[in-house]
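Asker: Here you go, one structure.
The values are calculated or read from the model by the stated rules, or taken from the named source; none is laboratory data. Worth saying up front: this structure is predicted, and the values here are computed from it rather than measured. Cβ coordinates were reconstructed from backbone atoms using ideal geometry, including for glycine residues, and neighbour counts include every protein chain displayed. For accessibility, only protein heavy atoms count, side chains too; no ligands or nucleic acids. Shrake-Rupley method; radii C 1.70, N 1.55, O 1.52, S 1.80 Å.
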Amino acid sequence: MYPFIYESYKTITTMKSILENHAALKNIVDNVAEVAGYLWQKGWAERNGGNITVNITEHIDDEIRQMPAISPVYQIGATLPHLKGCYFYCKGTNMRMRDLARWPMDNGSVIRILDDCASYVIIADKPVKPTSELPSHLAVHNYLLAKGSPYRASVHTHPIELVALTHNKTWMEKDVATKMLWSMIPETKAFCPRGLGMVPYMLPSSVELADATIQAIDDDYDVVMWEKHGVFAVDTDVMAAFDQIDVLNKSALIYIAAKNMGFEPDGMTDEQMRELSDVFGLPK
Ligand SMILES: [Zn+2]
């Protein structure tokens, strides 16, 4: 077990950042900050809305493994066996995406999962407690590792037009929204090739919502819509997860633009969408 050292705030702030001399890690955190800025600019991240967690374990060296805890031991609230010895960068609880965009290590932190797979400590740079959504994000990462998935990033955000869609039951039916969104512009099917999984309204942060999200990912979706709330996306890295949400929301905007012009958009035909899948080798 790692010693828990009570650092004074002054000591912590004068310590060097974990990102120094760790170029790969710095690159990941820079990308998280860049995406956080996009989420704010798009109006998808009001106040402290949204979360980002990234599994950074493969970029952890012995120097980082030796770093002492700078927080007490926190319980996750679940035992997640595949996360033993894993490290994550997590947005901090109550922190704003617009602040994280500029100061990622003041508004997020690096955590180490302890050997019991049920608790964690913060190791850098400051004792910024992770998002209250941490248990559900970690449960998803645990699922991804168990499946042997190369996905390392999860993003939760509130894309306005996609959330608006879920206020009508028709769009909540399986793959109805996916088909409409894919048919607006070929790139949406090409770059979000598994479509949009739908999860009915459940209490934010609840175990039920986390379980339903994992079930939807297991049902072969990378982007999962939470009714009247937001999306949860997973991909290899944070930029790729953001891109999947972005292309879906772009399609929703095209749909709205056509409706505003006074007509129901035709959408690409089923045959045109099948051709796309054949030519580009898409999974659906
Ligand atoms: Zn939310």
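Asker: Please state the charge dipole magnitude for the range 135-284, taken about the Cα centre, from unit charges on C-beta atoms (+1 on K and R, -1 on D and E), reported in debye and rounded to the nearest 20.
Answerer: I would put it at about 220 debye.
Asker: Per residue, how large is the accessible surface of the chain? Use a 1.4 angstrom probe and give square angstrom.
Answerer: 46
Asker: So how much slack lies between Lys169 and Asp278, counting 0.36 nm per residue of separation and subtracting their Cα-Cα distance, in nm?
Answerer: The Lys169-Asp278 span can extend by a further 36.1 nm.
Asker: Another question, then. Just for the chain, what percent of DSSP beta bridges are antiparallel, to the closest 5?
Answerer: Of the beta bridges lying entirely in the chain, close to 85 percent run antiparallel.
Asker: Based solely on its DSSP helices, what 222 nm [θ] is calculated for the chain when runs of n ≥ 4 H residues each add -39,500 (n - 2.57) and the sum is averaged over all residues, nearest 500 deg cm²/dmol?
Answerer: Roughly -11500 deg cm²/dmol at 222 nm, from the helical runs in the chain.
Asker: Dipole of the chain, Cα-centred, from +1 at each Lys and Arg C-beta and -1 at each Asp and Glu C-beta, to the nearest 20 debye?
Answerer: 760
Asker: For the range 238-244, what does the Karplus curve 6.51 cos²θ - 1.76 cosθ + 1.60, with θ = phi - 60°, yield as ³J(HN,Hα) per residue in whole Hz, taken in order and with x for Gly and Pro?
Answerer: Running phi through 6.51 cos²θ - 1.76 cosθ + 1.60 with θ = phi - 60° gives 5, 5, 5, 5, 4, 4, 5 Hz.
Asker: Given the C-alpha centroids of the range 26-69 and the range 152-178, what is the distance between them in whole angstrom?
Answerer: Between the Cα centres of the range 26-69 and the range 152-178 lies a distance of 24 Å.
Asker: Please give the FRET efficiency for Glu187 paired with Ser149, using the beta carbon to beta carbon distance and R0 = 22 Å, rounded to the nearest 0.05.
Answerer: 0.40
Asker: So if I take the centroid of the Cα atoms in the range 240-263 and the same for the range 201-230, what is the distance between those two points in Å?
Answerer: 21
Asker: Label Ser205 and Ala258 with points 7 Å out from Cα along Cα→Cβ: what is the distance between them in nm?
Answerer: Spacing of the two 7 Å Cα→Cβ label points: 4.0 nm.
Asker: Suppose the chain between Glu63 and Glu20 were pulled fully straight at 0.36 nm per residue; how much longer would it get relative to their current alpha carbon spacing?
Answerer: Contour length minus Cα-Cα distance gives 14.3 nm.
Asker: Using +1 on the beta carbon of Lys and Arg, -1 on that of Asp and Glu, and nothing else charged, what's the dipole of the range 1-142 about the Cα centre, debye to 20?
Answerer: In total the dipole reaches around 420 debye.
Asker: Report for the range 147-284 the percent antiparallel among DSSP-assigned beta bridges with both residues inside it, nearest 5.
Answerer: Of the beta bridges lying entirely in the range 147-284, close to 70 percent run antiparallel.
Asker: Same structure, new question: Using a 10 Å Cβ count of at most 11 others and DSSP loop calls, identify the longest part of the chain lacking such GluC sites (Glu not before Pro).
Answerer: Between the exposed loop sites, the longest stretch runs 21-172.
Asker: In what sequence, largest accessible area first, do Tyr38, Tyr201 appear using a 1.4 Å probe?
Answerer: Tyr201, Tyr38
Asker: If I compute solvent accessible area with a 1.4 Å probe over the protein chains, what percent of it on the range 76-163 is carbon and sulfur?
Answerer: Heavy-atom surface of the range 76-163 belonging to carbon and sulfur, 1.4 Å probe: 52 percent.
Asker: Then there's this: Lys/Arg Cβ at +1, Asp/Glu Cβ at -1, dipole of the range 163-251 taken about the Cα centre: which of Leu181, Ala212, Pro193 is farthest positive-ward?
Answerer: The residue sitting farthest along the positive end of the dipole is Leu181.
Asker: Turning to a different aspect of this structure: Can you pull the accessible area of Leu253 for me, 1.4 Å probe, Å² to the nearest 10?
Answerer: 80
Asker: Quick one: P(r) of the chain from all Cα-Cα pairs, 10 Å bins, percents rounded to integers, in order of increasing distance.
Answerer: Binned Cα distances yield the sequence 7, 29, 33, 20, 9, 3, 0.
Asker: Provide the solvent-accessible area of Ile56, counting protein heavy atoms only and rolling a 1.4 Å probe, rounded to the nearest 10 Å².
Answerer: Near enough 0 Å² of accessible area.
Asker: Between Ala118 and Ser132, with labels modelled 7 Å along Cα→Cβ, what's the label distance in nm to one decimal, could you check?
Answerer: Reported label-point gap for Ala118 and Ser132 is 2.4 nm.
Asker: Can you give the FRET efficiency to the nearest 0.05 for Asp270 and Asp219, using r as the Cβ-Cβ distance and R₀ = 22 Å?
Answerer: With a Förster radius of 22 Å, E is 0.55.
Asker: Please go through the residue pairs Lys147/Lys169; Lys228/Lys259; Lys91/Lys259; Lys91/Lys147; Lys91/Lys284; Lys129/Lys189 and name each one whose alpha carbons sit more than 29 Å apart in this structure.
Answerer: Lys147/Lys169; Lys91/Lys259; Lys91/Lys284; Lys129/Lys189
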